[in-house]
Structure formats: C-alpha cells, structure tokens
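**Student:** Sending over a structure as structure tokens; questions will come in a sec.
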Amino acid sequence: MNSKNINGTNFIFDNCDTVELAQTFGTPLYVISEDRIKSKCEDIRKNFLMKYPNTKAAYASKAFLTMAMCKIIDREGLGLDVVSGGELYTAIKANFPMERIMFHGSNKSYEELALAVTHNIGRIIVDNVYELEMLERIAKEQGKKVAILFRITPGVGGNTHEYITTGQKDSKFGIPLEKEIIEYAVRKSMDSSNIHLKGFHFHVGSQLFEISSHILAIQVVLDLMKNLKEELGFITEELNTGGGFGIQYTDEDEATKSVPFFIDPIMETIKEGCNEANLDMPMIIIEPGRWIVGEAGITLYTLGAIKEIPNVRTYASVDGGLPDNPRPALYKAKYDAIVANKANQKAEEVVTIAGKCCETGDILIWDLKVPKVTSGDILAVLNTGAYNYSMASNYNKLPRPAVVLVSQGDAQLIVEREKYEHLLDREVIPEHLDNIQSTKLTFGA
Ligand SMILES: Cc1ncc(COP(=O)(O)O)c(C=O)c1O
Ligand SMILES: N[C@@H](CCCC[NH3+])C(=O)O
C-alpha cells in the first residue's frame with residue numbers, strides 16, 4: 001500500500017493529516033490505520049478462508065495488541081493467537097470469543113494454563129512434555145477435556161534474521177521429532193481422558209519473503225502424520241502452519257506479497273502430500289501477525305537537536321527511539337520515513353535519525369534522504385505497526401507513547417500517553433529509606 005500520500009505540504013495517512021495528529025495528540029505517537037488492517041483481513045478471507053474449505057486464520061497478537069485491536073479482529077472474523085497470560089487477559093477484557101483463541105508459548109506457567117482452561121479457550125498449543133503433564137493436571141482439576149495441538153520443531157529454519165528464525169532443530173521452541181520423544185507425547189495424549197490432541201503446529205520464522213521453508217516443514221509434518229497413523233493409529237485433524245509472511249519496510253525489501261503467494265503453494269503441497277500418503281486433509285490454520293498490522297502503523301516524532309559533524313554526518317534527533325522501536329537495535333531492522341510537514345519538498349540532504357536514549361546504538365534510520373530539516377519538524381517513520389508498540393519499554397524512564405486509531409479521516413485515542421506518575425505507579429520506598437538524612441559529602445557545592 002502506498003503510504004506517501006500528500007495533501008498540500010503535509011503527509012496524509014488514512015485521510016488524516018499527520019501534522020495535525022502530532023499537534024492534537026503529541027509526539028512520539030503511534031498511529032494505526034483501521035482500514036489497512038481491515039483490507040489485510042479481507043485478503044485473508046477472500047484468498048484463504050473462502051477459497052479453501054476447512055481453514056481458519058488467527059491474528060498473532062504479539063505483533064500489536066490492545067483491546068481495540070481485539071475488537072477489530074473479532075469484527076473481521078479471525079481468531080487470536082496469544083502467547084502469555086497478559087495477552088489472554090487483554091482478549092478476555094475485550095470480550096473476544098474464547099473459542100477462537102489459540103494459546104502459544106514455550107514456557108507457560110501453571111497460572112497461565114489454568115486461566116486458559118477456566119475460560120475454555122479454543123486451542124492450547126503445547127510446546128513440550130512438561131507443559132503437557134501440567135495441562136493434564138489442570139484439566140483434571142477442572143473436570144475438562146482440553147483440545148490441543150503440539151508445536152513441533154520441524155528442523156527447518158527461515159531465511160531471516162537469526163533472532164527471528166524459530167523452526168531450526170537447535171531451537172527452544174517445540175517438541176523435537178526424534179521418534180521416541182514425539183511418539184511418547186502423542187501416546188500420552190491419546191491415553192488421557194482430559195486431553196484431546198487434534199494435530200500439530202509449526203512456525204518456521206518471521207519476515208519471510210519466500211515460501212520454501214514452509215514447504216520443507218510441511219513435508220516433514222506429512223511424514224510425521226503418516227508415521228503416527230501407521231504406528232499409533234493417530235489421525236491428524238488439524239495442522240497450523242504458523243505465520244511469518246514478510247512486509248516491505250524499505251526499497252531494499254521485496255514488495256509485500258498478497259495471500260495467494262504464500263497460501264497457494266502451502267495448500268497445494270498439503271493436498272498433494274495427503275493424497276500420496278492416503279491421509280485425510282486436515283483443517284489448515286495460519287496465524288500471521290506482522291503481515292496484518294505492520295504496514296498499518298506509522299510513528300510520528302518531533303525533531304529536536306540537529307548536530308552536524310562537518311564532513312562526517314548530520315544527526316537529527318527525535319523525541320523517542322529505542323524504547324518505542326527496539327527493532328533497529330535488536331535486528332538491525334531498516335525503516336523509511338517522511339518529513340510529514342515537508343512531504344511535498346524534494347530531498348536535498350542526508351541525515352541519520354537518532355533516538356534520545358543514552359545508547360550509541362539508538363539510531364532509528366541511518367542515512368535518510370530528506371528535505372532541509374529543522375528542529376520542530378514532524379517525522380513519520382513508516383511501517384511501524386508490528387512489534388513496535390508491543391515491544392516498547394520505559395528505558396531511560398521514557399513514558400510510552402499514545403496510540404491513535406485512524407479511519408478515513410477520523411482519529412480516536414486507543415492507548416493514552418504514559419505520564420511521569422505512571423512510571424512510579426508500582427514503586428515503593430521501603431520504610432528504612434523513607435526518612436533518610438541526605439548525606440552531604442561530595443555532591444557539588
Ligand atoms: C507461533 C507463532 N505464530 C505466529 C507468529 C507471527 O509471526 P509473524 O508476525 O511473522 O507473522 C509468531 C512470531 O514469529 C510465532 O512465534
Ligand atoms: N519481534 C520480532 C518478531 C518475532 C516474532 C515472534 N516469534 C520482530 O520484531 O521482527
């Protein structure tokens with residue numbers, strides 16, 4: 001989707017003037033377009049759910065989750081993938097239909113699993129045998145039979161940053177496919193009256209632009225399905241192939257693909273594999289996160305200090321940085337940006353966009369071509385919808401930005417800006433430190 005929509009001099013996002021948004025709500029500001037999320041969900045409905053029978057799609061909420069987002073996903077008819085008690089709690093508070101929730105996580109606690117079982121969520125994606133045993137105990141305590149999938153490690157990595165590839169053999173995620181390990185787990189579930197094992201889940205990695213890792217992983221799972229049918233009589237009813245679909249952050253990336261690019265080869269491979277091995281086609285589930293929300297978000301900042309080091313570079317500092325977007329520092333992620341109040345002007349200089357944290361690595365964008373910038377300009381960093389708000393921190397005690405939901409010119413606050421008071425909300429001074437005498441030693445005159 002083209003973000004570079006200009007009206008007069010200002011950058012327009014989903015029919016909202018971003019300079020006005022910055023004036024109204026302050027900066028830094030996350031802006032999320034409801035219409036862009038909606039159109040991604042429509043693509044999934046049209047090219048996956050309606051095209052192929054016996055399919056489901058969930059939104060991976062770790063990418064961006066608020067109660068308003070739960071409402072949008074509910075209205076669009078998708079399920080929700082959660083990965084912690086906190087994400088589940090958000091969905092509960094938003095009245096999200098519990099039967100459409102899938103609970104992932106490589107080290108779920110007793111309390112998290114108990115919350116999920118109490119609320120009768122749709123599927124628990126069990127990551128290891130320790131969790132299986134704990135879940136069985138909880139289900140027994142609550143007198144329930146819980147529907148689960150096993151997350152398996154297919155032994156296939158994704159072609160992406162090493163921190164966001166998950167399917168390789170040496171991974172903390174999932175049950176290894178060594179015969180004695182996986183068969184033990186399947187047999188244990190089949191023997192349990194409190195567990196209903198429906199099938200398997202894998203997730204090879206994130207920000208992928210090719211489908212080859214999914215295809216290799218599917219071939220591994222098809223072999224597993226065949227072996228388990230022959231050896232244990234286990235029939236796989238469901239197969240969840242995870243998320244991972246990439247988006248274009250900058251001109252260096254390929255263009256964002258639409259659903260058929262990923263889905264058609266996945267469905268074709270599974271259909272053919274099932275035919276060849278005489279297996280029933282299982283229900284197929286996908287759970288993209290970044291692909292649904294990444295391009296729906298921008299972050300607005302105000303430029304402050306501009307430091308020119310002659311013959312070296314110019315740093316233009318923004319009023320946020322690493323705490324609201326840790327991705328450049330964590331993954332060397334690249335972003336593009338527009339000077340929102342000079343959107344119709346030609347680029348005439350190159351600046352490096354620095355965050356305000358006390359970290360040399362807090363650089364949001366290296367060497368960005370911009371019109372002549374001055375302090376007070378508004379910078380819109382593009383495609384920040386996924387894994388920015390959800391990974392934000394209070395490092396350097398910076399309050400987290402507000403989040404505004406925009407739709408066709410309308411803007412609604414969905415998360416208030418943190419205030420300094422919020423930063424101290426849960427802090428306590430122990431009694432013995434409460435009335436200390438200030439020591440006047442060497443701290444200046
Ligand atoms: C199990 C699982 N499902 C879905 C996702 C969503 O990934 P993405 O945002 O790349 O679609 C992830 C994150 O990588 C994941 O770990
Ligand atoms: N947080 C990562 C994606 C991780 C996906 C979860 N396994 C990112 O920002 O790209």
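All of the numbers you see were taken from the coordinates with simple rules; none came from a lab. What you see is a predicted model, and the numbers here were worked out from it, not measured in a lab. When we count neighbours, we look across all protein chains shown, and the Cβ atoms used for this are built from the backbone with ideal geometry, even at glycine.
**Student:** Classify the range 34-292 from the C-alpha gyration tensor, please: rounded if a/c falls under 1.5, else prolate or oblate depending on whether a/b exceeds b/c. The partial results should precede the final answer.
**Tutor:** Numbers: a/c = 1.58, a/b = 1.14, b/c = 1.40.
Oblate, since a/c reaches 1.5 and b/c is not below a/b.
**Student:** Subtract the Cα-Cα distance of K71 and K229 from 0.36 nm times their separation in residues, and report this length gain in nm to one decimal.
**Tutor:** Length difference between fully extended and current span is 52.9 nm.
**Student:** Using the number of other C-beta atoms within 10 angstrom as an exposure proxy, rank Y420, Y301 with the fewest first.
**Tutor:** The fewest-first ordering by Cβ neighbours comes to Y420, Y301.
**Student:** Considering Cα pairs under 8 angstrom that are at least six residues apart, work out the relative contact order of the chain and quote it in whole percent.
**Tutor:** Worked out over the chain, it gives 19 percent.
**Student:** In debye, nearest 20, what is the charge dipole magnitude of the range 115-208 about its Cα centre with +1 on Lys and Arg Cβ and -1 on Asp and Glu Cβ, if you could check?
**Tutor:** That gives the range 115-208 a dipole magnitude of about 340 debye.
**Student:** What is the packing order of peptides 224-234, 376-386, taking the mean over residues of other C-beta atoms within 10 Å and listing the highest first?
**Tutor:** In descending order of packing, they fall as 376-386, 224-234.
**Student:** Sticking with this structure for a sec: Just grab the label-to-label distance for T360 and N275, each label 7 Å out from Cα along the Cβ direction, in nm (one decimal).
**Tutor:** A separation of 5.9 nm, rounded to one decimal place.
**Student:** Where in the range 280-369 are there GluC sites (Glu not before Pro) that are in a DSSP coil and have at most 11 other Cβ atoms within 10 angstrom of their Cβ?
**Tutor:** Within the range 280-369, the qualifying GluC sites (Glu not before Pro) (loop, at most 11 other Cβ atoms within 10 Å) are E348.
**Student:** 5 Å is the cut-off here: which amide hydrogens, built 1.01 Å from N in the peptide plane, fall below it relative to H201, excluding neighbours closer than 5 in sequence?
**Tutor:** F150, R151, I152, N240
**Student:** How much length is gained if the chain between D410 and E180 is pulled fully straight, taking 0.36 nm per residue apart and subtracting their Cα-Cα distance, in nm to one decimal? Don't skip to the answer; put the middle values down first.
**Tutor:** Values: separation 230, 0.36 × 230 = 82.80 nm, distance 5.71 nm.
Roughly 77.1 nm would be gained on extension.
**Student:** Using a 10 angstrom cutoff on alpha carbons, build the Gaussian network for the chain and name the most mobile of D170, D17, D434.
**Tutor:** Result: D434 has the largest fluctuation of those listed.
**Student:** Quick check: residue separation of E268 and K169 times 0.36 nm, minus the Cα distance between them. What number comes out in nm?
**Tutor:** Length difference between fully extended and current span is 33.1 nm.
**Student:** Antiparallel DSSP bridges in the chain: what percent, to the nearest 5?
**Tutor:** Details: 33 of 69 bridges.
Antiparallel bridges make up about 50 percent of those DSSP assigns within the chain.
**Student:** With unit charges on the beta carbon (Lys/Arg positive, Asp/Glu negative), name the residue among V126, N227, M67 whose Cα is farthest towards the positive pole of the charge dipole of the range 34-292.
**Tutor:** Farthest along the dipole direction, towards plus: M67.
**Student:** Can you work out ³J(HN,Hα) from phi for every residue in the range 426-439, in order, using Karplus 6.51 cos²θ - 1.76 cosθ + 1.60 and θ = phi - 60°, giving whole Hz and x for Gly and Pro?
**Tutor:** The phi angles translate into 10, 8, 10, 9, x, 3, 5, 9, 5, 10, 5, 7, 5, 7 Hz.
**Student:** Remind me, relative contact order of the range 34-292 in percent, using alpha carbon pairs under 8 angstrom and six or more residues apart?
**Tutor:** 19 percent
**Student:** How large is the helix-only mean residue ellipticity at 222 nm for the chain, computed as the sum of -39500 (n - 2.57) over DSSP H runs with n ≥ 4, divided by its residue count, in deg cm²/dmol to the nearest 500?
**Tutor:** Here the helix-only value at 222 nm equals -8500 deg cm²/dmol.
**Student:** On to the next question. Sorted from fewest to most neighbouring beta carbons within 10 Å, what does the list H432, H119, H104 look like?
**Tutor:** With the fewest neighbours first, H432, H119, H104 line up as H432, H119, H104.
**Student:** Moving on to the next point. Please state, rounded to one decimal and in Å, the Kirkwood hydrodynamic radius that the range 32-187 gives when every pair of distinct Cα atoms enters the mean of 1/r.
**Tutor:** Evaluated over the range 32-187, this radius sits at 16.9 Å.
**Student:** Another question, then. Kindly express, to the nearest 10 degrees and within the range 0 to 90, the angle between helix 34-44's C-alpha long axis and the longest C-alpha principal axis of the chain.
**Tutor:** Once rounded, one gets 30 degrees.
**Student:** How compact is the chain by the rule of thumb for globular proteins, expressed as Cα Rg over 2.2 N^0.38 Å? Please report the intermediate quantities before stating the final value.
**Tutor:** Working: Rg = 24.2 Å, N = 445, 2.2 N^0.38 = 22.3 Å.
Taking N as the residue count of the chain, the ratio is 1.09.
**Student:** To the nearest 20 debye, what charge dipole does the range 34-292 have about its Cα centre, counting +1 at the Cβ of each Lys and Arg and -1 at the Cβ of each Asp and Glu?
**Tutor:** So the dipole magnitude of the range 34-292 works out to roughly 800 debye.
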